[in-house]
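This report concerns only the one structure given below.
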Protein chains: 2
Amino acid sequence: MVVELISVGTEILLGNIVNTNAAYLSEQCALLGLSCFYQSVVGDNAERLRSTLELALKRADIVILSGGLGPTEDDLTKETAAEVLGKTLIMDEHWREALTTFFAKRNMKLTENNWKQAMVPEGCIVVDNKNGTAPGIIMEEKGKHVILLPGPPGEMIPMFEESMKPYLLKLNPGKIVSQMVKVCGIGESMAETMILDLIDQQTNPTIATYAKTGEVHLRVTAKADSEKEAKKLLKPMVKELKERFGAKIYSTNENASLESCVIDLLKENDLTLTTAESCTGGLFTARIVNVPGASEVLKEGFITYSNKAKRKYLGVKKSSLMKYGAVSERVAEEMARGACFFTKADVCVSITGIAGPDGETEGKPVGLVYIGCCICGRTTVREYRFSGERMKIRESSVAAALTLLRECLLGYFSEVTFGSGEKRSKKK
Amino acid sequence: MVVELISVGTEILLGNIVNTNAAYLSEQCALLGLSCFYQSVVGDNAERLRSTLELALKRADIVILSGGLGPTEDDLTKETAAEVLGKTLIMDEHWREALTTFFAKRNMKLTENNWKQAMVPEGCIVVDNKNGTAPGIIMEEKGKHVILLPGPPGEMIPMFEESMKPYLLKLNPGKIVSQMVKVCGIGESMAETMILDLIDQQTNPTIATYAKTGEVHLRVTAKADSEKEAKKLLKPMVKELKERFGAKIYSTNENASLESCVIDLLKENDLTLTTAESCTGGLFTARIVNVPGASEVLKEGFITYSNKAKRKYLGVKKSSLMKYGAVSERVAEEMARGACFFTKADVCVSITGIAGPDGETEGKPVGLVYIGCCICGRTTVREYRFSGERMKIRESSVAAALTLLRECLLGYFSEVTFGSGEKRSKKK
C-alpha cells in the first residue's frame with residue numbers, strides 16, 4: 001500500500017523548526033511495509049491544504065497529516081480534511097468530557113475555543129491523546145484512509161505508537177525486513193561501483209547506500225508475506241555484500257558506530273589506547289569518549305598543538321621537527337611512539353596535519369594529514385590529502401584515523417593469532 | 001517572489017535522515033523576503049521528480065532542489081530538471097578539469113561514473129562546490145528560476161551562502177535587513193519570557209528566537225523599500241535587546257561563534273589557554289580548535305580520563321580524589337590550577353563530570369558536572385546539573401565551559417582595568 005505524508009505548519013515553511021515528525025513517520029511507515037513516494041509541507045492555509053490533500057488522495061491509499069489540530073483559529077487541518085472527504089463536523093461527547101476532565105485536573109480554565117477540539121468528522125474513529133487536548137482522527141472513504149495527528153512530537157509519537165500503528169498493521173499485512181551493512185575506508189562512488197550490477201538488478205531485496213564522512217552504509221531491504229520469508233530473501237544479498245567488501249565491513253548492526261566497534265576490538269584484546277592529536281585538537285578522542293565505557297580502554301590523551309608540546313609530552317625530536325616539519329610522516333610516527341612510551345598504553349593514534357585555511361607551505365597544502373598508529377611498538381603511518389573547509393578536513397581526519405586504527409588492529413591480531421609470515425608495511 | 005523547495009532523496013522518504021536542508025533553506029528564503037508556500041520531498045525517481053517539479057514551476061517563481069546530484073545511477077535530479085526545462089546536457093570543461101584536480105589531489109581513483117558530474121544543462125550557470133564533486137546549477141527559463149544544490153549539508157550550505165544567496169538577493173529587491181543578537185548562559189524559555197512583550201507587539205521588525213545548546217540566538221528582521229530604511233527600523237529594537245540582555249550578549253555578528261569570541265578575548269589580552277578535560281574527552285578543546293588561528297592561544301591540552309592521569313599530568317592530589325571523588329569541586333579546581341602550573345598557560349578550563357549512562361553514585365547523579373576556570377592564579381569552579389543522553393550532557397558541558405570562561409575573562413579584565421573593589425566568588 002502507498003502512504004503519503006503531509007506536514008501542516010507555517011513554522012516549518014519559515015524554517016523555525018526542523019520537520020522531525022516527517023522523518024519519524026517515514027521510518028515507521030517503511031518498517032510497516034508501506035511505500036512512501038511523496039512528503040509535503042503546507043502552511044496553515046485552507047486552500048493550499050485542500051489542494052495538497054486532494055493530490056495526495058489521488059496518489060496514495062493512506063494519507064497521514066500532522067499538525068494544525070490546535071484550538072486556535074489558524075488550526076484548520078481537521079476542518080479542511082473533513083470538507084475534502086465530504087464529512088460534517090459533529091460534537092464528540094466522549095471527547096467533550098475528556099476535555100473537561102483534562103482542564104479540571106490541571107486547574108486550568110477551559111476557554112471557549114477549546115470546544116473546537118471536541119468537534120470531529122461524522123463517522124470517523126476518534127483516537128485518544130494522553131498528552132494533549134487534540135484527539136487523533138481516522139477517516140475512511142472510498143477505500144482511502146486519512147489519518148490526522150497532532151503536531152507536537154510529544155503527542156504525535158505516543159499516539160502513533162499506541163493507536164495508529166496497530167491500525168496500519170491491520171491494513172497492510174506483508175512484512176519488510178532490512179539489514180544494515182556498514183563499510184569504512186571506501187568512498188561512496190567507489191562502493192557503488194563495486195555493487196553496480198547488484199543495484200541494476202535489484203527488485204526484492206533492494207540496496208540503498210548512504211554516505212557518511214569516511215563511511216558508507218548499505219541498507220538491504222526485503223519484502224515478503226512473512227518475516228521469515230523476508231529474512232530468507234535478504235540472506236544471499238547480505239552474503240554477497242560480505243564477499244565483495246570483506247574486511248571493510250565494520251558492522252552489520254544498525255546501532256553500532258565505527259568508534260564503538262574499534263573500542264570493542266581493543267576491549268576484547270585487553271589493549272589500552274592513548275591519543276596524540278594536533279590539527280584535530282581533541283576531536284578524535286572526543287569520538288572515542290562518545291562510547292559509554294570508553295574509560296576501560298582510554299585513560300588519557302594529549303592535544304599537542306604546538307611544536308614545544310609535541311616535544312615535551314611526546315618526546316618528538318627537535319631535529320625531526322626542524323628537518324621534516326610538524327606535518328610529516330616522521331613526526332606522526334614519533335608522536336604515536338612517544339605517547340605509548342610515556343603513558344604505557346598499548347596503542348596510540350597520532351594525527352598531525354594542516355586543517356587550513358592558513359598554514360599552507362610549499363609542498364604541504366591545506367588538507368595534508370599524517371596519521372600514525374602504534375600497536376605494541378610497531379608503528380604504521382599513512383599520508384592523506386583531504387579537501388574542504390577546516391571542519392570538514394578535521395572530521396575526515398578523525399574518520400580516517402578510526403579506519404586506520406581498525407585496520408592495524410585487525411592486521412596485528414591476524415599476525416599474532418596465526419603467526420602469518422606475510423609482512424606488512426611498517427616503520428622500524 | 002514565491003519560492004518552492006523540493007528535497008530529493010529516497011533516504012528522506014525512508015526516514016533514514018532528517019530533512020535539515022529544508023529547514024535551513026526555508027529560513028534563508030524567509031530572510032531574503034521570499035514567500036514559501038510548499039515544500040516537497042520525492043525519491044530518486046525520474047517520473048515522480050518530473051511531476052513534482054512541473055507542479056512547483058506552476059506555483060512558484062523560483063524552485064530550489066537539493067539532493068540527487070551525486071555520481072551514481074540513482075542520482076538524476078540534474079537530468080530530470082534539464083529535461084523538464086527542455087535543456088540538453090553538455091560537458092563542462094571547467095568542471096571536468098576541477099574533477100581531475102580534485103581526485104589527483106586526494107590520490108583517489110576517478111571512476112567512470114564521476115564524469116557524469118561534469119555534465120551540465122546547456123546555457124546554465126555552473127556554481128563552484130568547494131567541498132565536493134557536484135557543481136551547483138542555476139537555470140533560467142521563461143521567467144522561472146531553477147536552482148540545484150547538492151544534498152550533503154556540508155556542501156549545500158557553503159554553496160548557498162557563497163553563490164545562491166547573492167543570486168537570489170538580486171532577484172528580489174525590496175529590502176530585508178536582519179540583525180543577529182547572540183546570547184549565552186540563558187535558556188530559551190527564560191530568554192523568551194524576558195522579551196515576551198516585544199514578541200507580542202512585533203510587526204516590523206520581527207524577532208525570532210533559535211535555541212542552540214547553551215545559547216539563544218535572536219534574529220531581528222525589518223523590511224522596507226530601502227536598506228537604509230530597514231536598518232533604521234531595526235535600530236531601536238536591537239538597542240532594547242542590548243539593554244535587556246546586557247553582558248549575556250556575546251556577539252551581534254552573524255558569523256561569530258561563542259568559541260571565536262572567547263579566543264578573541266584571549267588574543268586581545270595576550271593570554272594563553274590550556275585545557276584539562278575528563279568527561280568531555282577533548283570535545284571542549286576541539287571546539288576551541290574549530291577557530292582558525294586557535295594555535296596563537298592554545299598550545300596544548302590534556303584529556304585526563306582516569307584518576308591516575310589527573311594526578312600525573314595535572315598534579316591532582318590523591319587525597320582529594322579519595323575524599324571528594326573525581327567529580328567534585330575540589331578536583332575541578334586542582335585540575336585547572338595544575339594544568340596552568342605545568343604548562344605555564346595563563347588560563348585553564350577544566351571539566352569533570354558524569355556523562356552517563358553509567359557512573360552514577362549516591363549523591364552524584366548522571367549529569368553532575370564541575371567546571372573550573374583558572375585565570376592567572378585565580379580559580380572559579382561552578383557546579384552544573386545537566387539532563388539528557390551522554391552526548392547531550394557532554395555538549396551542554398562544553399557550552400557551559402565556554403560561557404564560564406567568557407564570564408571569568410570579562411570579570412578579570414574589569415578588575416584589572418578598573419581596579420574595581422567588588423569581590424567575585426573565587427577559590428584561594
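What follows draws every value from the coordinates through simple rules; no lab data is involved. Since the model is a prediction, treat every value here as computed from it, not as a measurement. All Cβ positions, even for glycine, are placed from backbone atoms using ideal geometry, and neighbour counts span all protein chains on display.
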Report task. For segment A:151-164, just list the computed ³J(HN,Hα) in residue order, Karplus coefficients 6.51, -1.76 and 1.60, θ = phi - 60°, integers in Hz, with x standing in for Gly and Pro. Result -> x, x, x, x, 9, 5, 5, x, 5, 4, 4, 7, 10, 7
Query raised in the report: Dipole size in debye (nearest 20) for segment A:175-251 around its Cα centre, Lys and Arg Cβ +1, Asp and Glu Cβ -1?
Result: 360 debye
Report summary line: Here the correct list, in nm and shortest first, of distances from B:Glu161 to the same site in the other copies, label points 7 Å along Cα→Cβ, is 3.8
Query raised in the report: Relative to the other copies, what are the label-point distances for B:Leu110, with labels 7 Å from Cα along the C-beta vector, expressed in nm at one decimal and sorted shortest first?
Result: 7.1
**Report entry** Derived scalar couplings ³J(HN,Hα) [segment A:212-227; Karplus, 6.51 cos²θ - 1.76 cosθ + 1.60; whole Hz; x for Gly, Pro]
**Finding:** 10, 4, x, 9, 10, 10, 10, 10, 9, 10, 10, 10, 7, 5, 10, 4
Query raised in the report: For B:Lys318, A:Lys392, B:Lys310, A:Lys109, what's the fewest-to-most ordering of other Cβ within 10 Å of each Cβ?
Result: A:Lys109, B:Lys318, A:Lys392, B:Lys310
Query raised in the report: Averaged over B:26-35, how many beta carbons belonging to a partner chain fall within 10 Å of each residue's beta carbon?
Result: 3
Report task. Report the calculated FRET efficiency for A:Glu27 and B:Ala256 (r = Cβ-Cβ distance, R0 = 41 Å), to the nearest 0.05. Result -> 0.70
Requested in this report: State to the nearest 20 debye the size of the charge dipole of segment A:102-248 about its Cα centre, where the only charges are +1 on K and R beta carbons and -1 on D and E beta carbons.
Outcome: 420 debye
Query raised in the report: Roughly what % of DSSP beta bridges within segment A:1-125 run antiparallel, to the nearest 5?
Result: 20 percent
Report summary line: For A:Gly43, the residues 5 or more places away or on another chain with a placed amide H closer than 5 Å to its own amide H are A:Gly9
Query raised in the report: Can you list, shortest first in nanometers, how far B:Thr206 lies from the same residue in the other copies, with each label 7 Å from Cα toward Cβ?
Result: 3.7
Query raised in the report: How far is helix A:46-59 tilted, in degrees, relative to the longest principal axis of the Cα atoms in chain A, given as a value from 0 to 90 rounded to the nearest 10?
Result: 80 degrees
Report summary line: With +1 at each Lys and Arg Cβ and -1 at each Asp and Glu Cβ, the charge dipole magnitude of chain A around its Cα centre, to the nearest 20 debye, comes out at 2400 debye
Report summary line: Per-residue Cβ contact counts at 10 Å, fewest first, order B:Arg287, A:Arg311, A:Arg59 as A:Arg59, A:Arg311, B:Arg287
Query raised in the report: Where does the charge balance sit around B:Lys231 when Lys and Arg score +1, Asp and Glu -1, over other residues with C-beta under 13 Å from its C-beta?
Result: +3
Report summary line: Least to most buried among A:Cys376, A:Cys408, by other C-beta atoms within 10 Å and fewest first, runs A:Cys376, A:Cys408
Query raised in the report: In terms of modelled amide H atoms, which long-range or inter-chain residues lie less than 5 Å from the amide H of B:Ser251?
Result: B:Lys182
**Report entry** Options A:Leu171, B:Pro71, A:Ala401, ranked by Cα towards positive dipole end of the protein assembly as shown, top entry (Cβ charges)
**Finding:** A:Ala401
Requested in this report: Nearest 5 is fine: what % of DSSP beta bridges in segment A:44-180 come out antiparallel, could you say?
Outcome: 70 percent
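Taking segment A:25-55, which GluC sites (Glu not before Pro) meet the DSSP loop condition and have no more than 16 other C-beta atoms within 10 Å?
Here no loop site has a sparse enough neighbourhood.
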Query raised in the report: So what are the ³J(HN,Hα) numbers for segment A:33-45, from phi and the Karplus equation (6.51, -1.76, 1.60; θ = phi - 60°), rounded to whole Hz, Gly and Pro as x?
Result: x, 8, 8, 10, 9, 9, 10, 9, 10, 10, x, 7, 9
Query raised in the report: Going highest first, how would you order A:202-209, B:332-339, A:325-332 by mean Cβ packing within 10 Å?
Result: B:332-339, A:325-332, A:202-209
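Just round it to a whole percent: the fraction of Cα-Cα distances in segment B:105-149 exceeding 14 Å.
The proportion of pairs with Cα distances above 14 Å equals 56 percent.
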Query raised in the report: Given H placed on each backbone N at 1.01 Å, which residues far from B:Met119 in sequence or on other chains put an amide H within less than 5 Å of it?
Result: B:Asp92
Report task. Measure nothing fancy, just the Cα-based angle from helix A:20-31's long axis to the longest principal axis of chain A, in degrees from 0 to 90, nearest 10. Result -> 90 degrees
Report task. Just add up the charged neighbours of A:Thr280: K/R +1, D/E -1, any other residue whose Cβ is under 13 Å from the Cβ of A:Thr280. Result -> +3
